[in-house]
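Q: Take a look at the following structure, please.
The values are calculated or read from the model by the stated rules, or taken from the named source; none is laboratory data. What you see is a predicted model, and the numbers here were worked out from it, not measured in a lab. With ideal geometry, Cβ positions are generated from the backbone for all residues, glycine too; neighbour counts draw on all protein chains shown. In case anyone asks, the SASA skips ligands and DNA or RNA and just uses the protein heavy atoms, side chains included. Shrake-Rupley method; radii C 1.70, N 1.55, O 1.52, S 1.80 Å.
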Amino acid sequence: MRIHRLILLVALTIGFVTTSFSQHQRYRIQNGIGIYGGITQFDFSTKNFTTKAEQGWLVGASATVDIPHKWYNMSYSIQLAENKIGIAARPNATVLSEEFLDYKLFTAQIALLMHVKLIGPYVTLDVGPMLQYNGDLELKDDNKENYIINSYANLMAKDISEISKFNVDGAVGISAGISHFRLKAQYIYGFLNSFNKLNDANLDRTGNPNSFKGNQSMLVFTAMVSF
């Protein structure tokens, strides 16, 4: 339900902003709608867990306001992704060998981006904030939910699933292409502690008494078609 509300909010915002811009008559301001998709590489920057970035997928839609008389354009977008990450664990506390357990994380992000024109409209530097809602950190193999997370004596794989649901992200990237087709590379960093909710739970931290802290780090590579 919260994801549906995010989608409705960004759709209304896009409609309002593009209509407002198009009402100005002094300049030839062009509005465009784009759809895009691609791959993600997701990780957490944390001292609590040993992680391995893995590839997921992403789809999105954006509304772009092309402002010819300015050195930048603006866009509003929403994107949905299924991200994947490996976290090191072992079958029980007495086993020293480790393996990376596969987790997945669904995210929904809405963004307001400025596109600085480096080479006209063909190559742009993209930068701006994002609001994010995500689900739980879902362990893909339920048979391994009792594995012990590395650096801990009793913290199990299933214990770290309920992470914080909201984040504020910063995004920076490069876009290149012609009017109806663009390739995009983007780096997204989460400013809030994704593991803060774990600190509120009564989890066993034997072996690693540090507070849970982790910031998400996400690379995105997409292709976009506009019309």
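Q: May I ask for the Kirkwood hydrodynamic radius of the chain, worked out over all distinct Cα pairs and given in angstroms to one decimal? Could you put the intermediate results ahead of the total?
A: On the way: mean 1/r = 0.0525 Å⁻¹.
Evaluated on the chain, it is 19.0 Å.
Q: Now a separate question. Using only the alpha-carbon atoms of the stretch 134-227 as identical scatterers, what base-10 log of I(q)/I(0) does the Debye formula give at q = 0.16, 0.18, 0.19, 0.26 Å⁻¹?
A: -0.78, -0.89, -0.94, -1.28
Q: Taking only protein heavy atoms and a 1.4 Å probe, what accessible area per residue, in Å², does the chain have with all protein chains in place?
A: Each residue of the chain exposes 52 Å² on average to a 1.4 Å probe.
Q: When the chain is modelled as a GNM with alpha-carbon springs shorter than 10 Å, which of Lys52, Lys104, Lys84 fluctuates the most?
A: Lys52
Q: Okay, moving on. For the chain, take the longest principal axis of its alpha carbons; what is the angle in degrees between that and the long axis of helix 2-22, to the nearest 10 within 0 to 90?
A: 20 degrees
Q: Short version: ³J(HN,Hα) in whole Hz for each residue of the stretch 46-59, in order, from phi by Karplus 6.51 cos²θ - 1.76 cosθ + 1.60 (θ = phi - 60°), x for Gly and Pro, what are they?
A: Calculated HN-Hα couplings, in order: 8, 9, 7, 10, 8, 10, 9, 5, 9, 8, x, 10, 8, 10 Hz.
Q: For the chain, with the dipole built from +1 on Lys and Arg beta-carbon atoms and -1 on Asp and Glu ones, taken about the Cα centre, which of Gly86, Val59, Val225 lies farthest toward the positive end?
A: Of the options given, the answer is Val225.
Q: Something else: Using a Gaussian network model of the chain with C-alpha springs under 10 Å, which one of Ala63, Ala201, Ala81 is most mobile by mean-square fluctuation?
A: Ala201
Q: With the full set of protein chains in place, find how many percent of the accessible area of the stretch 133-184 is carbon and sulfur; take the probe as 1.4 Å. Provide the component values of the computation, followed by the final result.
A: Details: 1370 of 2520 Å².
Accessible surface attributable to carbon and sulfur in the stretch 133-184 totals 54 percent.
Q: Using unit Cβ charges (K, R positive; D, E negative) and no other charged atoms, how large, in debye to the nearest 20, is the dipole of the chain about its Cα centre?
A: Here the chain has a charge dipole of around 860 debye.
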